[in-house]
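K.L.:
Before I ask anything, let me first share the structure, which is written out below as structure tokens.
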Amino acid sequence: MDMTPASFGNWAKRRRRMLDLTQKELAQRAGCSVAALQKIERDERRPSRQLAERLADFLEVPPDQRALLLKVARRERMIEALPSIPRPALPSIKESPPTHSNSELPIPPTPLVGRESELAEIARLLHDPQCRLLTLSGSGGIGKTRLALETARRLQKTMPHGAYFVSLAGVNAPGFIVPTIADALGLGMSGSIVQTAQLLNYLHDKQTLIVLDNFEHLLDGTELLSEILQRAPGVKLLVTSRELLHLQAEWTLEVHGLSVPQSVQTDELETSSSAMMFLQRAGQARVGFTLTHAEQTAILRICQLVQGLPLAIELAAAWVRTLSCQEIAYEIEHGLGFLAATARDVPERHRSIITVFDQSWKLLTSEEQRVLRQLSIFRGSFMRRAAKRVAGASLPVLFALVDKSLLQHSDAHAGRFELHELIRQYAAARLEENIPEKQATRERHSHYYLTLLEEQEPALRSKRQKETLTKLTADIDNLRMAWDFAISVEAVDLLRRASGPLYYFYELLQYFQEAEAAYKRAADMIRTKLANCGEQKDPELAGALGEMLNYQAFFNLRPGNNREALELFRTSMELLNLLHETHALTFAYVHSGVVYWAMGDFDEASRALGKGLSTSNMFTYPWLKAFAVGFLGAVMHDMGKYAEAYRLLSEAMTICRDIEDPYFILLIGSYFTRSAQAEGYIDEAHKVLREGLKIARENGNRWSIGLALERLGVFMQTAGNNNEEARRLLEESLELLREVGDRWSLSWVLTAISQLALANHEEEKAEQYAMEAIKVSTEAGNHPSVLNALVTLSTIRAQQKLNVSALEMALYVLQHPSSTQDAKDRAACLRLELEAKLTPHEVEITQARIQSNPNMVTSAFAFNALN
């Protein structure tokens, strides 16, 4: 029988033990000292209302009993009034709440102190259907990020698609907001659709909370938030910013400092949030820290001086290792008088926190000051090796800065460090005072990161690709900054050495638009520099320009800007042909061949790829050779030379497997399986397709997964052994490729689904997908894809008894030079069936119409029929 406890303290102790919590664990969670909890459990003191509320949270008191418990805790009601609370039951597996999100929210290094009223108000607002954009505003260091993170943690399981935390501190321009959000969501970006559209496509049916942290320097990008709210009705946005966004949909909550004690009474100090935070952090900084009467007075003064600002409290508390609380208060007090003056050149956001930074700065050694200044050059987190190379930071100095709460060990396992953004800004202002030092630091930063790309290229093209890409992606903001600085100082040699690995890094991320813009900036700079040389053209500059144009062309090719890509490749080849730039020239030959293939000029594609194959034999590393052989095989396949295609693609696959580059194995393998299947090697094709899908899923690249699913779905469809499985694969592929926005790949899967629907006698659905495939591939300029979809549409017209129109389209495909052999074979079979149904006169008239106006079908069916 469960006896009613005789006092609140006894009840609290029994409840704590029932929940298997130690005094230390409960005190830490509730944000009070162990000594205070011990007194409460011994009934030597009663908790404040705020502390009683926190204890009720962590002792899992049911909502309907909380008001009564608070009165009992404050001795306003007798303990007998409190009914016994049953032992918490372990939920069965069936009853366990589902995990709605695969997101991993950052884990704060210290528990949250106070803030229960703010958290309750934020939760109330976010539960209001009208409130979809909530901005937490306030000065820097006020605790906006911590509040937002705790809110996301609490709401993560209540949102059907979870909660995500997006740090924008390292994002230096509005144009990078979308890829940063995509990264946090695990959404790979690629294709020709504007990245904003891809993000909106992904979010449109999601019900999720997205925290956008540190938005104040990106206010020119607020239009994106309005678009998300308009296009994704289930998404709620929680934004932290020092400045309001001034959007019509914006709800605001101003975050203030923690509660400040008004007297030195022990009870008040231990229940005031700011004092509790100081005591907690001081206890972490110095084991054995005790609260004397003198310390109580100093802590009261410190909390009042910094006005409950959490970051200031943390920084101040860290100094108890070396200073008394009286000394800390003295140092802060003497800085506050100066900053309280109305100095016009002090940014508003720094007026309440810069005092703490100034005092912290003065107590650093000259070496620690120098390192902190130079660490401010980094964007986001950085490795210890980077800190040493760029800022000359030794391990003792790094950990001294960590100890003084000026540097965070953001990922101990990976060895990464990070400056709080406010501290970074303060240190950056110090660096601005010495322009030569700043310039030298930026040069070292740029050299380090662009050299890092060069060093990591072999791993990026190997079986270590996934882990290498993850490491480099963590440094993407630093890589962007390094590239742009190298352009600004015209470091052509450094840019050129980094251009190749950066190209493959961007290709794996599939940030096509960002990459194209980056290479264009570099090419423009080199072109200007080359023009200033006069008649004596520098061959090194000309070669560098050719290489930058190559990569700019490549990232026009990827989303389907074929004409622009071809023009850039031609310009590049004109430059490179005059120089001994065989590698860059080979790249241009091979990839211009891919452009010709995409546009349906198979003869020109064969010639360009053949040239690339010939020159690629000069290189030790076989990557370009594999590319040339593989895509030459793909062209041979479309020309109907299946045996030659299989031979070439088999050779390319052998090279790929020797290289052990997962992305390349998948890419070449997707074309190899078509030829293997055409030659009757069904089991081999199936094995490679399964291998490719496994690789794609392991790497998490959405475009690769979509491509692998499309190829496997087409295989299942043509093998004819499992139409339902083919449908499932193709529909999953379609969903992914729609989000990605790669029009070339999207046209393939649309045509495949159209053909499958036709085989299942779903005529309306088949026509819908065929028409969309024609539209998408026409926009991309992919003529073979247009013609392939046109054969399917022709078959639909034949089933609709529109035999003349169907024959017209079939004849058009048969006479078009960009038709693949597969499209021609299907069109030829259809032609025989239709001519048997039509009169000789009807056939003759239709043939004459096509011969006299070969573009008639394109205009009539590929354009007008779509409008």
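K.L.:
Helix 623-638 sits at what angle to the longest principal axis of the chain, using alpha carbons and giving 0 to 90 degrees rounded to 10?
P.N.:
It works out to around 50 degrees.
K.L.:
Show me the trypsin sites (Lys or Arg not before Pro) within segment 453-499 that DSSP assigns to loop and that have at most 13 other Cβ atoms within 10 Å of their Cβ. The partial results should precede the final answer.
P.N.:
Details: sites: Arg461, Lys463, Arg464, Lys466, Lys471, Arg480, Arg496, Arg497; in loops: Arg461, Lys463, Arg464.
Here the trypsin sites (Lys or Arg not before Pro) that fit, given the DSSP loop and packing criteria, are Lys463.
K.L.:
How high is the relative contact order of segment 176-246, in percent, with contacts defined as C-alpha pairs under 8 Å that are six or more residues apart?
P.N.:
Numbers: 74 pairs, mean separation 24.6, N = 71.
Taking the mean separation of contacting Cα pairs over the length of segment 176-246, I get 35 percent.
K.L.:
Could you name the aspartates and glutamates whose alpha carbon sits less than 13 Å from that of Lys463, not counting residues in the same chain fewer than 8 places away?
P.N.:
Filter leaves Asp658, Glu660, Asp661, Glu698.
K.L.:
Counting pairs of Cα atoms in segment 614-748, how many percent are more than 23 Å apart? Don't skip to the end; give the middle numbers.
P.N.:
Working: 2873 of 9045 pairs.
Within segment 614-748, distances greater than 23 Å cover 32 percent of Cα pairs.
K.L.:
Also: Just for the Cα atoms in segment 99-160, what are the lengths along the principal axes, largest first, rounded to whole Å?
P.N.:
Principal-axis extents of the Cα atoms in segment 99-160, largest first: 31, 29, 18 Å.
K.L.:
With Kirkwood's inverse mean 1/r over C-alpha pairs for Rh, give me the Rg to Rh ratio of the chain, two decimals please.
P.N.:
Working: Rg = 33.2 Å, Rh = 31.3 Å.
Ratio of gyration radius to Kirkwood radius for the chain: 1.06.
K.L.:
What are the principal axis extents of the Cα atoms in segment 656-812, in Å, biggest first?
P.N.:
53, 32, 26
K.L.:
In whole percent, and with a 1.4 Å probe on the protein chains, what portion of the accessible area of the chain is carbon and sulfur? All intermediate terms of the calculation are to be shown ahead of the outcome.
P.N.:
Values: 19550 of 37790 Å².
C and S fraction of accessible area: 52 percent.
K.L.:
Give the residue from Val786, Ser488, Leu568 lying farthest towards the positive end of the charge dipole for the chain; charges sit on Cβ (+1 for Lys and Arg, -1 for Asp and Glu) and the dipole is referred to the Cα centre.
P.N.:
The residue sitting most towards the positive pole is Ser488.
K.L.:
Now, a different point. Send over the semi-axes of segment 670-740's equivalent ellipsoid, whole angstrom and largest first, taken as the square roots of 5 times the C-alpha gyration tensor eigenvalues. Intermediate values should be presented prior to the final figure.
P.N.:
Values: eigenvalues 77, 40, 16 Å².
Each semi-axis is the square root of five times an eigenvalue, giving 20, 14, 9 Å.
K.L.:
Moving on to the next point. Averaging over all projection directions, find the projected area of the Cα convex hull of segment 119-210 and quote it in nm² with one decimal place. Mind dumping the intermediate values first?
P.N.:
Values: hull surface 27.5 nm².
If I average the Cα hull's projected area over directions, I get 6.9 nm².
K.L.:
Also, quick follow-up: What translational D, rounded to a whole number of µm²/s, comes out for segment 562-624 from Stokes-Einstein when the hydrodynamic radius is the Kirkwood one over Cα pairs, at 25 °C and 0.890 mPa s? Before the final figure, lay out each step's value.
P.N.:
Numbers: Rh = 11.7 Å.
D = 211 µm²/s.
K.L.:
Which three semi-axes in whole Å describe the equivalent ellipsoid of segment 159-305, each the square root of 5 times a Cα gyration tensor eigenvalue, listed largest first? Walk me through the numbers before you get to the answer.
P.N.:
Numbers: eigenvalues 371, 51, 40 Å².
Three semi-axes, in Å: 43, 16, 14.
K.L.:
If you don't mind, there's one more thing I want to ask. Return P(r) of segment 501-580 (all Cα-Cα pairs; 10 Å bins starting at 0; whole %; ordered from short to long distances).
P.N.:
The percentages, shortest bin first, are 20, 49, 26, 5, 0.
K.L.:
Send over the per residue convex hull volume for segment 719-858, Cα only, as a whole number of Å³. Write out the running numbers ahead of the final one.
P.N.:
Working: hull volume 14.1 nm³, N = 140.
Convex hull volume per residue, Cα atoms: 101 Å³.
K.L.:
Could you give the dipole magnitude of the chain about its Cα centre, charging the beta-carbon of Lys and Arg +1 and that of Asp and Glu -1, in debye to the nearest 20?
P.N.:
Values: 96 positive and 106 negative charges, 481 e Å.
Value, rounded to 20: 2320 debye.
K.L.:
Mind checking the full-extension length gain between His580 and Leu244? Use 0.36 nm per residue of separation minus the Cα-Cα distance, one decimal, nm. Can you show the working numbers first?
P.N.:
Working: separation 336, 0.36 × 336 = 120.96 nm, distance 5.67 nm.
Result for the pair: 115.3 nm of gain on full extension.
K.L.:
Would you mind working out the accessible area per residue for the chain, using a 1.4 Å probe, and quoting it in Å²? Numbers along the way, then the final one.
P.N.:
Details: 37790 Å² over 867 residues.
Per residue, the chain has 44 Å² of solvent-accessible surface.
K.L.:
Could you tell me the relative contact order of the chain? Use alpha-carbon pairs under 8 Å, at least six residues apart, and round to a whole percent. Kindly include the intermediate steps, with their values, before the conclusion.
P.N.:
Working: 1322 pairs, mean separation 64.9, N = 867.
Computed over the chain, the figure is 7 percent.
K.L.:
Also, quick follow-up: Please give every one of the lysines within straight-line cross-link reach of Lys24, meaning a C-alpha to C-alpha distance under 16 Å, and leave out same-chain neighbours fewer than 8 residues apart.
P.N.:
Counting by Cα, and skipping residues close in sequence, Lys24 has these lysines nearby: Lys13, Lys39.
K.L.:
Rounded to the nearest 10 degrees, what's the angle between the helix 682-699 long axis and the longest principal axis of the chain, both from Cα atoms, 0 to 90?
P.N.:
Taking the Cα atoms of the chain, the angle to 682-699 is about 30 degrees.
K.L.:
Please report the relative contact order for segment 693-850, taking Cα pairs under 8 Å with a sequence separation of at least 6, and give it as a percent rounded to a whole number. Numbers along the way, then the final one.
P.N.:
On the way: 206 pairs, mean separation 22.5, N = 158.
It comes to 14 percent, rounded to a whole number.
K.L.:
About its Cα centre, what dipole magnitude does segment 444-560 give when the only charges are +1 on Lys and Arg Cβ and -1 on Asp and Glu Cβ, stated in debye to the nearest 20?
P.N.:
On the way: 15 positive and 17 negative charges, 59 e Å.
Approximately 280 debye in magnitude.
K.L.:
Hull surface divided by four, with the convex hull built on the Cα atoms of segment 456-551: how many nm²?
P.N.:
Mean shadow area of the hull around the Cα atoms is 6.0 nm².
K.L.:
Is the shape of segment 557-670 rounded, prolate or oblate, going by the alpha carbon gyration tensor and its root eigenvalues a ≥ b ≥ c, with a/c under 1.5 for rounded and a/b larger than b/c for prolate?
P.N.:
Values: a/c = 1.68, a/b = 1.23, b/c = 1.37.
It comes out oblate by the Cα gyration axes.
K.L.:
Further question on the same structure: Just need log10 I(q)/I(0) for segment 748-803 at q = 0.26, 0.28 Å⁻¹, Debye formula, equal scatterers on the alpha-carbon atoms, no solvent, rounded to two decimals.
P.N.:
-0.93, -1.04
K.L.:
Here's a follow-up. If you put +1 on each Lys and Arg Cβ and -1 on each Asp and Glu Cβ, how big is the dipole of segment 376-526 around its Cα centre, in Debye rounded to 20? Each step should come with its number before you reach the end.
P.N.:
Numbers: 22 positive and 21 negative charges, 92 e Å.
Roughly 440 debye, rounded to the nearest 20.
K.L.:
Tilt of helix 763-780 relative to the longest C-alpha principal axis of the chain, in degrees (0 to 90, nearest 10)?
P.N.:
The angle comes out near 90 degrees.
The values are calculated or read from the model by the stated rules, or taken from the named source; none is laboratory data. Predicted model, so just to flag it, every value in this text is computed and none were measured. Note that we place each Cβ from the backbone using ideal geometry, even for glycine, and neighbour counts take in every protein chain shown. Areas reflect the complete protein model, heavy atoms only, side chains present, ligands, DNA and RNA absent. Shrake-Rupley method; radii C 1.70, N 1.55, O 1.52, S 1.80 Å.
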